Amino acid sequence: MKNPKTKVSATIAIVGAKPSARAPVKSHPIATGTKIAASVKSKPVVAKVRAVSSAKLKAVATTAKVAASAKSKPIATKAKAGAPIPVKAVPARPKAVAAKAATSSKPKTATTLSKASATAPGSVSITSIGNPFTYFVPATAKSATFKKRRKNGGYKAPQDFLDKNFTKTVKAPFTKARSRRTLDGHCVIFPAEVRIAAIQCGYGPEDFWTPRLAMSAGEGAALKRFLISRLEMVVSCVEDNGKKDWKVSKFYEHLEPSDKQVCSFIFGGIGTFLVAQKWLHVGGDKLKFVLHKSLYTKALVPSIGAKSPDYLVNGKATGWHVFESKGGAKNDRPTRILQGLEQLSQELEIGWTLTSLKPTKSAVCVHTSVDANEVLEVLAVDPPAKRHGAKIKAVKSLLLLEEVCKLLLILDTIDLFCGLTRTSTPMDEMDGAWSFKNSDFLGGVEVGIPNVYLKYEALVRVRVAVYLAADEAHREARTYGKNASDIFYDKLDSLGFNGALSQPYGDWTIEHIAKNLDDWGDNCRTECAKNLKMKELAAQVWWSDSDQSVAKMTAAGFNFTFGGMCIRGRNNPMKRSEVD
């Protein structure tokens, strides 16, 4: 038989109180003696109590109920019938043990990239509704923001480098101090957002736009239909798992590597587009332009070669931002992010004119993880090198011809509209400011385009084609040591320009461009655009805010692309509530 005086241990749970050896401990409501008996078997954590008989346990339980309902009066120091349980202070631990415990239990103040999927800003756990969006910035002013590659092209311990130098944030570096906006850790991505992102996230390398593509409406529309069909194939790889997030289907693991690369590329572009919206929004800004490298590289003065950022993003208030897009398996994410950070290591200044050139506000690498039976996770890393004291390369200027960007966007929009609606231009019915048509692509959508685009389509195609032909002739002449004028005329002949050009051009324009191609040097693009009066044409054709207002009054619920096309869903391919 056990000695009734033997001391046993019990755990007392105290909610909202800090345990102390001297301070009185608030009573814990106990319902039955069985619960006490269960707790008596546990190891000591907060305090020790003396063993009591089963008869006293019932009395204690009754008293505890009363004590709980009486605003939990302080526990007395002696165990009497009808009195609370006596408590002894826990003996002080040796200093060495206490120090060790304090060190091991010290909470971490920063979330590293390796733990980004465990918790996210603005959420309590990975079970939050929506897909995870996590944002990182340099941990300190001395943090390295990019890592040099090994001789074999790889990186040493990429995850360790990222964990050491970056920390999670809920604010963009350019966010105003008084702003209360924060970056959400989980976001519900609606089909409307995916559609508008997918059709604008760009396609192709720097030499994508050619004179022939600009001149051929049928070829451009056919290419858009292919790209849209490919997008539908990629979207079929995700499903709704009931938590309003996009989850990659199980069959994805059986796809060929080439198909997975396509999915990674498209989801990477979609993720980057969505991050750009949220990134600027938290800084109190809105997107004005998102220019893919296949487009803006044709408008640079001068061109900067093959290494160009994936996206140049222009905000209405904050100016220019640079984005690199990455996508793929989560286990390859650290390496892919380091590749993006290396591409962003060069400080840039961007502008439409020489006087408007300004350093970029941010340079962000975005990675979208695509793994079978896992939700899509988007992770963004911003290394603002100049502001954080890292060693950077010399500043490089990206001067853009705004009129060229706008005219290329107009052609891209016309091709997209014709591709979605399976129509050709000019259209028979062009009453009013907008033309609307239904499309069976993307789960069924309705699209609209400004009629002014269709009215001036032929003129825009000719001027853009001549501009691109002159640019190609100038570059090829430098590369192969030939006469730029001869190359230019050969390209025009291949496009169907036989002899003199009809209105709105005269021979003098073409002759003037041909004679001066070899002399213009780095100013070739500027002079060509000037001679072709592209600035005046862009001002005449480019859609305005009033055009958008007319479209909104004509039919509600539309989203608008930066090129001027409006789109809204008729049916829902994701089988969830549609929010446009």
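The values are calculated or read from the model by the stated rules, or taken from the named source; none is laboratory data. Predicted model, so just to flag it, every value in this text is computed and none were measured. In this analysis, Cβ positions are derived from the backbone assuming ideal geometry, glycine residues included, and neighbour counts consider all displayed protein chains. Just so you know, the surface numbers come from the protein's heavy atoms only, side chains and all, with ligands and any DNA or RNA stripped out. Shrake-Rupley method; radii C 1.70, N 1.55, O 1.52, S 1.80 Å.
Can you find a residue in the stretch 173-184 that is under 20 Å from residue 369 (Cα atoms) and assigned to a loop (DSSP other than H, G, I, E, B)?
yes
Take residue 189 and decide whether it is touching a residue at least 24 places away in the same chain (Cβ under 8 Å), assigned by the TED database to the domain that holds residue 361, among the hydrophobic types (A, V, I, L, M, F, W, C) and touching a Ser or Thr at 6+ places or on another chain (Cβ under 8 Å).
Answer is no for this residue.
Which is of a type in the set (S, T, N, Q), touching a Gly at 6+ places or on another chain (Cβ under 7 Å) and over 28 Å from residue 447 (Cα atoms), of 169, 182?
182
Just give me the residues in the stretch 266-284 being aromatic (Phe, Trp, Tyr) and open to solvent by 40 Å² or more (accessible area, probe 1.4 Å), in sequence order.
none
Can you tell me which residue in the stretch 130-165 is surrounded by the fewest Cβ atoms within 10 Å (Cβ to Cβ), limited to those that are under 20 Å from the mean Cα position of the chain (by Cα) and hydroxyl-bearing (Ser, Thr, Tyr)?
Step by step, filter the stretch 130-165, then rank; the result is 145.
Among the residues of the stretch 185-195 satisfying the criterion of being assigned to a loop (DSSP other than H, G, I, E, B) and open to solvent by 20 Å² or more (accessible area, probe 1.4 Å), which is nearest to residue 244 (Cα to Cα)?
So the residue we want is 188.
For the stretch 168-205, give me each residue that is on the phi > 0 side of the Ramachandran plot and either over 15 Å from the mean Cα position of the chain (by Cα) or among the hydroxyl-bearing types (Ser, Thr, Tyr) (or both).
Listed by number, the list holds a single entry, 204.
Could you say whether any residue in the stretch 253-265 is surrounded by fewer than 16 Cβ atoms within 10 Å (Cβ to Cβ), not in a helix (DSSP H, G or I) and not polar (S, T, N, Q)?
Looking for residues that are surrounded by fewer than 16 Cβ atoms within 10 Å (Cβ to Cβ), not in a helix (DSSP H, G or I) and not polar (S, T, N, Q), one finds at least one in the stretch 253-265, hence yes.
Of the residues that make up the stretch 341-349, is at least one open to solvent by less than 10 Å² (accessible area, probe 1.4 Å), within 30 Å of residue 255 (Cα to Cα) and at pLDDT below 95?
Within the stretch 341-349, one or more residues are open to solvent by less than 10 Å² (accessible area, probe 1.4 Å), within 30 Å of residue 255 (Cα to Cα) and at pLDDT below 95.
Please specify each residue of the stretch 196-215 satisfying the condition of being assigned to a helix (DSSP H, G or I) and closer than 30 Å to residue 472 by Cα.
198, 211, 212, 213, 214, 215 - these are the residues of the stretch 196-215 that are assigned to a helix (DSSP H, G or I) and closer than 30 Å to residue 472 by Cα.
Select from the stretch 433-461 the residues that are among the β-branched types (Val, Ile, Thr) and open to solvent by less than 30 Å² (accessible area, probe 1.4 Å) and write down the one among them that is farthest from residue 528 (Cα to Cα).
Only one residue tops the list, namely 445.
If I filter the stretch 166-184 down to residues being within 15 Å of residue 281 (Cβ to Cβ) and open to solvent by 40 Å² or more (accessible area, probe 1.4 Å), which single residue comes out as modelled with the lowest pLDDT?
Here the answer is 176.
Tell me, which helices (runs of 4 or more DSSP H) wholly within the stretch 392-496 include 3 or more residues that are among the hydroxyl-bearing types (Ser, Thr, Tyr)?
Answer list for the stretch 392-496: 457-480, 484-494.
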